[in-house]
Amino acid sequence: MYAEVILPLPLYSTFTYSVPEGMENIGIGSRVLVQFGKRKFYTGIVAALRPDPPAGYEVKPISTLLDADPIIRYPQLKLWQWIADYYLCAPGDVYKAAIPTGLKPESTTFISLNPDFDEDALDSLNEDERRIASLLAEEKKLSLTDIQTRTEIPKATALVKNLLEDGVVMVAETIIEKYRPKTIKMVKLALPDGNIEGVHRLLDLTNRSPKQQRALMGYLELSRYINADGEPDEVPRENLIKRTGVTPGIIKTMVDKGIFEIYKKSINRFSDLQKDTAEIPELSAAQKRAHGEIIERFRDHQVCLLHGVTGSGKTEIYSHLIRQMLDAGRQVLYLVPEISLTTQLTDRLRRTFGDRLLVYHSKFSDNERVDVWRRVLGSHESLLILGARSSVFLPFHRLGLVIVDEEHEASYKQYDPAPRYNARDTAMVLASMHGAKTLLGSATPAVDTYYKAVNGKYGLVTLSERFEGARLPEVEIVDMKDQRKRKLADGILSQPLKQATEEAMEKGQQALMFQNRRGFAPFVVCKTCGWTPKCTNCDVSLVYHKHSDTLRCHYCGFAMPLPALCPACQENSIEIYGYGTERIAEEVHGYFASRRVGRMDLDTTRNKDSYQEIIEDFSSHNMDILVGTQMVTKGLDFGKVTVVGVLNADSILNFPDFRSNERAFNMLEQVAGRAGRRSDLGKVFIQTTDPQSHVLDFVKAHNYNGFYESEIESRRKLLYPPFSRIINIYLKNKNSRDVDEAAILFSQALRATFGPRVLGPEKPFVSRVATWYLQCIMLKIEASASMTKVKHILRTIYESLARDPRIKSSILYYDVDPV
Ligand code: ADP
Ligand code: ZN
Ligand code: ZN
């Protein structure tokens, strides 16, 4: 038998391996360890089995079958294939994204001294090479990275290569199992089997140390029941320490005296979740109607859109639908666009669904993700999975409903690396493969989605009032030019925003200040000569980070300290401009010195718990004003926020692409939606230098439908989605001339077939990233065209040009349905 194996590499084809004797358990979806290339081992997934060997080459055998049962489930492979076909990427890319790293062990190259090497060779080594050799003599084996960090020799890789050629060192591949089960330390009496009388002897052993006696008594109390062998059962060391107040040192002494044994035990990460559940709040009349209509629409639609204004209680409606599904024994996937949202929702949903709720996203450690994966895989239970993008890849069983909350969010689309998939659209395909329904929810549906809903492709349910009649907030557009002219605003806050915030503070309410991430990063300029620091790898200016006093590239991670003098003119005249959240928080604190001001942005939320801490702090009113980026705008529910400030709407309003109006309307309406979600009327201040922008009129009136009508007309005229589909074709190359020429060549070939549907090539907004030069060609295809045909043509054109050296040296990739 032969197996077709998908490898975690950007390869378009599968690879064939033979199935050795004794591996009859193997099946589609099995995890196998295979050798690829000369040395490297990878974990692959069996995509198909066949009786005949492939023609024309010899195959290697599968090295190991990693599990007794497949770790993925029907129809996951089918979904992977759909993603690869639709988003024009390799199945290996999809596999890489789909499976947590802990389930994909691969080999790492280790370097060790060659025991047979010729001692004389040492004399010919230079000093650095000799340092590497003596380090290896001490450490036996090290990875390349270890050698580099330990010796701090910058070109260690090249030196190791020399040493390898001289026969001084050798390399070996070792497979590293990345998954670690969660373990805790357990304590148990060190008794010979079944010898309960021994306890008295142990008590005697401790009678000269009150602390040890306390530990032993505490242990006996905690270990209330006797196990099958007639011995007191094990106790977590942590509990023992907590109960008795003894130190780990005392327990250690008792282990040395032969009283206790101590060992590690794997535990189930889900064991401490609460089991009992509370009732879901009763739905209001309007919510009940919407709930009934959704069920009604699902009778003849696969997909239904719930268009409910901010604060209308969409979450409560979801909860009722979820409970019905779980009661029917089906699983539910609840997708949210941002990890920050899972935090608040986890608390809300945990109360209702207890340990049937699992959370899955990329801020979890890899081990935790593996545990969730295995729990979903191993169970036929009805489960609710709350997660971001990547949770569409979990091994669901009897999926009954997918909820895509805030379906309009651009963050559902993975931009880099491949697979460049949209989790919302993928979720719909996933649902239909399971015979499940998809519910899309939003206060500001994507124009494409709304178009499908009003044209009957999706069901449409509207909820136009807030829960308990809370009113939508008042929106005031503040003309910042005018503010500055009249000297009402010297810094970032306008007079009306300052005043409203002041009043809110006096009433014990809270305020939220939003600064768009794009375009407002603090930057550095030399006042004398105009020097600005640029990234050495990318075509962007470096951003100043105050807390670390460094300049950083947001594209490739390059960092350098802020120079004291200008490197170009040597003058002491470097100035920092621009308003990042950090500086805003400081300035806000300057106006409201007695108030607690917090900040939520990429910097302050690097680890998993920091979201939760900030959100909890703000929710429990340990903080009066929260300054943040995009993260604070989406779906969060803070009852006491009555003032929302959009500090600078200009960069939101003036972004040059066909979705800019949609993005601006959604973002502003969503930020506004955070204000006045309970009884107090909210007020929103949108600061801009362009108060005439017509998007702002729609936001002011909370008029989604008006906005949609105007937007869909312009899309129709210009033939943009939903009246067409867009595929962006990117080429990248380390040589700028090659990429320019390759792009021209490729676009000419495309034009011969697609004519005016081809736009560009054009340099993208950031035209060099991590030392790669970029070019982009846009393909705009009628919505009615066959995408299969289009994609086939794309492949043919690529093949016909593949041997041109400029194409060959470039990397080409597609972004299908960019957002
Ligand atoms: P949306 O997601 O539509 O913006 P939420 O679901 O966050 O709105 O609801 C807004 C607030 O109103 C939440 O605090 C929620 O708990 C509350 N709420 C909504 N519906 C109900 C209900 N039926 N009973 C009690 N509280 C509700
Ligand atoms: Zn200078
Ligand atoms: Zn960079």
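Brief remarks follow.
- Residue-span extension gain [ILE175 to ARG803] - 0.36 nm each, minus C-alpha spacing: 222.4 nm
- Probe 1.4 Å, protein heavy atoms only - accessible area per residue of segment 355-404 in square angstrom: 27 Å²
- For the set CYS538, CYS569, solvent exposure ranked by accessible area (probe 1.4 Å, protein chains only) runs largest to smallest as CYS569, CYS538.
- Accessible area per residue for segment 642-706 is 33 Å², calculated with a 1.4 Å probe on protein heavy atoms, without ligands, DNA or RNA.
- Distance from segment 100-158 to segment 392-464 (C-alpha centre basis), Å: 50 Å
- Global form of segment 34-85, assessed from the alpha-carbon gyration tensor, a/c cut-off 1.5: prolate
- The simple Förster model, with R0 at 35 Å and r as the Cβ-Cβ distance, assigns ARG471 and GLN324 a FRET efficiency of 0.65.
- Nonlocal amide H pairs with LEU357, under 5 Å, H built at 1.01 Å: LEU384
- In the chain, the DSSP beta bridges split such that about 55 percent are antiparallel, to the nearest 5.
- Partner lysines for LYS288 [C-alpha distance under 18 Å; skip if fewer than 8 residues away on the same chain]: LYS314
- Zone residues, segment 438-467, relative to ALA285, backbone N less than 15 Å from point 7 Å out along Cα-to-Cβ: 464-467
- Low-density loop positions, trypsin sites (Lys or Arg not before Pro), segment 36-131 - DSSP coil, at most 13 other Cβ in 10 Å: LYS38, ARG39
- Listed by chain and number, the lysines placed with their C-alpha closer than 19 angstrom to that of LYS498 are LYS481, LYS485, LYS487, LYS507, LYS640, LYS683; residues fewer than eight positions away on the same chain are left out.
- In the context of the full protein assembly, MET505 retains an accessible surface of approximately 10 Å², using a probe radius of 1.4 Å and ignoring ligands and nucleic acids.
- When the surface is traced with a 1.4 Å probe over the full set of protein chains, ASP697 keeps roughly 90 Å² accessible.
- Sequence-distant aspartates and glutamates (8 or more away, or on other chains) whose Cα lies within less than 15 Å of LYS252: GLU238, GLU261
- Cysteines, the chain, no other Cys beta-carbon under 4.7 Å: CYS89, CYS304, CYS556, CYS776
- Those chymotrypsin sites (Phe, Trp or Tyr not before Pro) in segment 25-124 that DSSP places in a loop and that have at most 14 other beta carbons within 10 Å: TYR57
- Here segment 606-667 is treated with +1 on each Lys and Arg Cβ and -1 on each Asp and Glu Cβ, and its dipole about the Cα centre works out to around 180 debye.
- Prolate is the label for segment 26-123. Its Cα gyration tensor axes, ordered a ≥ b ≥ c, give a/c of at least 1.5 and a/b above b/c.
- Pairwise FRET efficiency - ALA783 versus LYS38, Cβ, R0 = 60 Å, nearest 0.05: 0.80
- The length gained by stretching the chain between LYS546 and SER143 to full extension, at 0.36 nm per residue less their Cα-Cα distance, is 141.6 nm.
- Counting only Cβ charges, +1 for Lys and Arg and -1 for Asp and Glu, the dipole size of the chain around its Cα centre is about 1260 debye.
- For the chain: rounded, prolate or oblate by the Cα gyration tensor [a/c cutoff 1.5]: rounded
- Carbon + sulfur, % of accessible area of the chain - ligands and nucleic acids excluded, 1.4 Å: 51 percent
- Comparing ALA97, LEU135, THR108 along the charge dipole axis of segment 49-135, the residue lying farthest to the positive side is ALA97, per the Cβ-charge model.
- HIS589 accessible area, assembled protein chains, probe 1.4 Å, Å²: 80 Å²
- For segment 479-628, the dipole from Cβ point charges (+1 on Lys and Arg, -1 on Asp and Glu) about the Cα centre works out to 440 debye, to the nearest 20.
- Computed [θ] at 222 nm, helices only, for the chain once each DSSP H run of length n ≥ 4 contributes -39500 (n - 2.57): -10500 deg cm²/dmol
- Computed packing ranks the peptides 684-693, 769-778 as 684-693, 769-778, most packed first, by mean other Cβ atoms within 10 Å.
- Loop GluC sites (Glu not before Pro), segment 273-371 (other Cβ atoms within 10 Å of the site Cβ: 13 or fewer; DSSP): GLU279, GLU282
The values are calculated or read from the model by the stated rules, or taken from the named source; none is laboratory data. Because the structure is predicted, anything quoted here is derived from the model rather than measured. All Cβ positions, even for glycine, are placed from backbone atoms using ideal geometry, and neighbour counts span all protein chains on display. Surface accessibility is based on the protein's heavy atoms, side chains included, excluding ligands, DNA and RNA. Shrake-Rupley method; radii C 1.70, N 1.55, O 1.52, S 1.80 Å.
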